[in-house]
Each structure stands twice: as C-alpha cells, then as structure tokens.
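J.: Structure below; questions to follow.
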Amino acid sequence: MASPDEQFDEQTKLELEAAAFRRLMAHLDERKDVQNIDLMNLAGFCRNCMSKWYLAAAEERGQSLDYEGAREIVYGMPYPEWKDKFQTEASPAQKKAFSENIEK
C-alpha cells in the first residue's frame with residue numbers, strides 16, 4: 001500500500017492542502033477570542049506568521065503582494081480594524097510565557 005504522501009497525484013495533494021489551509025483560516029476567523037500571543041505561546045506561530053508565510057509564497061511565485069495585503073487575507077479585514085475590534089491587552093501571565101518561549 002502506498003504511503004499517504006504517495007497516494008495522491010500532485011494536483012490532488014495541492015487541492016487537499018489548500019482545502020486544509022482554508023479550513024484553518026476559517027477556524028481562526030471563528031475563534032477571534034484566541035489572541036496571537038496565545039497562539040505563539042501554545043504553537044509557536046500566529047496570524048502574523050501566517051501572513052508572512054503567505055507573502056513569502058506569493059513572492060516565490062512572482063506575485064505582487066505586500067505584508068499588509070497578506071495580513072488582510074489572513075485576518076479577513078485590514079489588520080488595524082481587526083486589532084481595534086478583537087485584540088486585547090496581553091495579561092502579565094501571557095507576556096511572561098511569551099518571554100520564556102523566546103528564551104528557549
């Protein structure tokens with residue numbers, strides 16, 4: 001039996017990966033209560049990281065996009081608007097955990 005990676009042709013794999021990415025984006029959009037610092041502390045990445053990865057992928061393919069445009073794609077709105085509506089001040093505990101993670 002083929003390994004899961006060998007099971008699909010390249011186009012199918014691309015479509016499945018894109019669908020999984022879209023689902024992740026929708027999940028993050030549904031969970032605006034989860035702050036970027038929470039994501040960073042738990043998983044080591046956040047919405048801003050995803051924006052940077054999206055931008056890098058666009059640049060690798062010769063597509064014109066800037067960081068703010070990538071952020072708007074990931075956040076579903078301009079970042080300043082998202083920040084005003086949904087971002088809260090990080091608690092001392094969140095800041096401490098973030099600092100400890102950076103030192104690792």
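Nothing in this text is a laboratory measurement; each read-out follows from the coordinates by a stated rule. Computed from a predicted model, the values in this text were never measured in an experiment. When we count neighbours, we look across all protein chains shown, and the Cβ atoms used for this are built from the backbone with ideal geometry, even at glycine.
J.: Between the helical axis of 47-60 and the dominant principal axis of the chain, each derived from Cα atoms, what acute angle in degrees is found, rounded to the nearest 10?
T.: Once rounded, the angle reads 40 degrees.
J.: Under 8 Å for C-alpha pairs, at least 6 residues apart: give me the relative contact order for the stretch 9-103, rounded to a whole percent.
T.: 27 percent
J.: May I pose another question? Of the residues Q35, Q11, Q87, which exhibits the maximal mean-square fluctuation in a Gaussian network model of the chain defined by a 10 Å Cα contact cut-off?
T.: Of Q35, Q11, Q87, the Gaussian network model singles out Q11 as fluctuating most.
J.: Most mobile of R23, R31, R61 per a Gaussian network model of the chain (Cα springs, under 10 Å)?
T.: Greatest mean-square fluctuation among the candidates belongs to R61.
J.: Which one of E15, E30, E72 has the biggest mean-square fluctuation once the chain is modelled by GNM with Cα springs under 10 Å?
T.: Most flexible of the set in this elastic network: E15.
J.: Something else: Give, in nm to one decimal, the length gained when the segment between S3 and Q63 is fully stretched (0.36 nm per residue of separation minus the Cα-Cα distance).
T.: My answer for the length gained is 18.3 nm.
J.: Return the calculated 222 nm mean residue ellipticity for the chain, to the nearest 500 deg cm²/dmol, obtained by summing -39500 (n - 2.57) across DSSP H runs with n ≥ 4 and dividing by the residue count.
T.: The per-residue figure over the chain is -22000 deg cm²/dmol.
J.: Rounded to the nearest 20 Debye, what is the dipole magnitude of the stretch 9-103 about its Cα centre when Lys and Arg each give +1 and Asp and Glu each give -1 at the C-beta?
T.: 240 debye
J.: If you take mean projected area of the Cα convex hull in nm² from the coordinates, which of (i) 6.0; (ii) 10.1; (iii) 9.0 do you get?
T.: Here the calculated entry is (iii).
J.: Can I ask one more? Fully extended, how many nm does the chain gain between E103 and E89 (0.36 nm per residue separation, minus their Cα-Cα distance)?
T.: 2.9 nm
J.: Can I ask one more? Tell me which of N41, L55, G69 sits at the most positive position along the dipole axis of the chain, charges placed on C-beta atoms (Lys, Arg +1; Asp, Glu -1).
T.: The listed residue farthest towards the positive side: N41.
J.: Which of I37, I102 has the fewest other C-beta atoms within 10 Å, and how do the rest follow up to the most?
T.: Fewest-to-most Cβ neighbours within 10 Å comes out as I102, I37.
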